[in-house]
Amino acid sequence: MTTIITATYALPQMSSLPVNGPDPVRASVSHLLTRAYSLPCSTTAQAFMQIVQPTSRFQLALDVLLPLLDPISPCELAQRILASFLLYSLYAPHPIAINPFKSVLYTTFTEEREKAVNVAHTGGVSPNEQLIWVLWKILKGDGNDIGPYSPSTLARSPLPPKLRATNLLLDEELYNDNDIEETPYSNTDDSQSISELSDTSGSAEEEQYVTPEEDARNETIAKAMKLLLAARERVLTLSEQRFIIPTMPALAASKMITNLDLAPLISNNPTIAHPLFVALLTASDETNLPSPFLDILPFLAPTLSTFDLMGRLLRDATPVGAGTGINVGEIVRAEILGRFIHESINWLDQAEKQEREGLISDDRFAVGVQNLCRFYHSLIKLSIVNPTRDAEAAEMTHFSLRNARFEEANALYRALVASK
């Protein structure tokens with residue numbers, strides 16, 4: 001098995017395989033890997049297990065994780081640390097000696113250690129010291145000690161002198177005999193745990209262990225993240241929606257969600273879009289308002305699901321930002337509604353033009369006009385907007401007059417004129 005892995009790893013085309021190809025599993029893994037550096041390594045490993053079926057994990061590790069471990073081009077240290085832990089975690093229940101990626105991990109360890117030792121001889125400190133230490137812990141059979149810490153924390157935590165690369169040794173003969181984890185190390189440095197890293201670094205986190213409760217929570221978040229990724233492609237079942245909605249604050253806090261995820265999710269699953277947006281907004285602080293996630297809202301197509309989401313957000317009184325004194329509805333009203341109305345009108349004007357030119361044959365323009373006018377009329381009735389003061393009221397007055405042949409537009413125009 002070792003020979004097979006080494007030979008496969010040497011193939012140059014592995015590093016050029018597209019991760020964001022048509023395969024949704026690879027796309028989900030790519031999404032996970034690019035946003036997991038602030039999460040505990042164990043949480044990311046559980047998410048990886050949730051996304052990838054057992055029969056596909058080995059091949060996906062060959063195609064995606066190995067190129068990250070020893071890339072041709074420069075790679076972030078946190079990314080290499082995460083790839084190392086994932087390769088270990090795939091077979092974590094078993095001794096490291098039977099992990100099929102052991103030879104690659106060991107080869108990487110020896111190559112990186114040699115580089116670091118050369119730098120140390122010139123009086124410097126190699127930037128890959130933390131990766132060497134992580135690989136050393138894994139190959140010693142202590143990889144679980146790394147689980148509670150995030151790759152970014154491990155990458156930026158300075159190492160004490162006794163954990164520098166020059167002091168981290170593995171017996172090659174014992175490695176070749178597959179006995180690394182059974183070797184009684186007498187060197188006191190070899191018995192050092194991850195707590196020494198925490199104790200000597202002001203930026204490192206306190207020593208921690210994964211309790212059963214934390215493990216269950218991490219598993220829940222991993223499953224929820226898998227469902228959130230699936231929600232971009234299909235409508236979630238009722239049981240899936242009931243499971244994911246309570247996890248929204250944790251998903252938002254993970255910082256793994258991007259603007260690109262939101263538009264398809266809103267289209268397929270508007271029911272979960274509202275609690276997700278509330279969680280994203282309340283995860284912000286007073287220095288990060290308005291949230292960048294709001295930028296997606298003005299450019300959504302004026303469909304029923306979009307209007308339903310906007311209406312829910314505008315009526316939401318959940319406080320946003322510590323000490324700001326504002327809520328979700330107020331920030332959406334102040335920052336988004338005017339742009340949303342403007343972009344909706346532009347979208348409908350374009351649809352009307354395409355309809356006249358024969359480019360479309362459906363009723364998206366007529367339905368869109370009716371829905372937009374109903375939406376704005378309801379905002380007036382709820383006193384969310386004031387047609388005598390709000391700038392978008394003038395734009396809606398012109399729009400409803402131009403489309404007064406539709407009953408909803410006619411009713412809105414009369415309401416707007418009567419309020420003057």
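A few points about this structure:
- Some residue of segment 288-296 being closer than 24 Å to ALA27 by Cα, surrounded by 17 or more Cβ atoms within 10 Å (Cβ to Cβ), touching a residue at least 60 places away in the same chain (Cβ under 8 Å) and of a type outside the set (Val, Ile, Thr): no
- Residue match in segment 123-134 (condition: open to solvent by 10 Å² or more (accessible area, probe 1.4 Å), in contact with a Ser or Thr (Cβ under 9 Å, 6 or more places away or on another chain) and under 30 Å from GLN50 (Cα atoms)): yes
- Some residue of segment 336-344 being over 29 Å from the mean Cα position of the chain (by Cα), open to solvent by 60 Å² or more (accessible area, probe 1.4 Å) and of a type outside the set (S, T, N, Q): yes
- Each residue in segment 299-335 was checked for being open to solvent by 10 Å² or more (accessible area, probe 1.4 Å), part of a loop (DSSP other than H, G, I, E, B) and in contact with a Gly (Cβ under 7 Å, 6 or more places away or on another chain), and 3 of them qualify.
- Residues in segment 349-364 that are open to solvent by less than 90 Å² (accessible area, probe 1.4 Å) and either farther than 24 Å from MET396 by Cβ or outside any helix (DSSP H, G or I) (or both): GLY358, ILE360, ASP362.
- Within segment 365-393, being open to solvent by 50 Å² or more (accessible area, probe 1.4 Å) and either in contact (Cβ under 8 Å) with a residue 40 or more places away in the chain or under 19 Å from ARG333 (Cβ atoms) (or both) holds for ARG374, LYS381, LEU382, SER383, THR388, ARG389, ALA391.
- All positions within segment 132-141 that are under 12 Å from PHE85 (Cβ atoms) and not β-branched (Val, Ile, Thr): LEU135, LYS137
The values are calculated or read from the model by the stated rules, or taken from the named source; none is laboratory data. In this text the structure is predicted, and so the values were computed from the model without any measurement. Using ideal geometry, Cβ is built from the backbone for each residue, glycine included, and neighbour counts are taken over all protein chains shown. When the accessible area is computed, the model is the full protein with side chains, heavy atoms only, and any ligands, DNA or RNA have been set aside. Shrake-Rupley method; radii C 1.70, N 1.55, O 1.52, S 1.80 Å.
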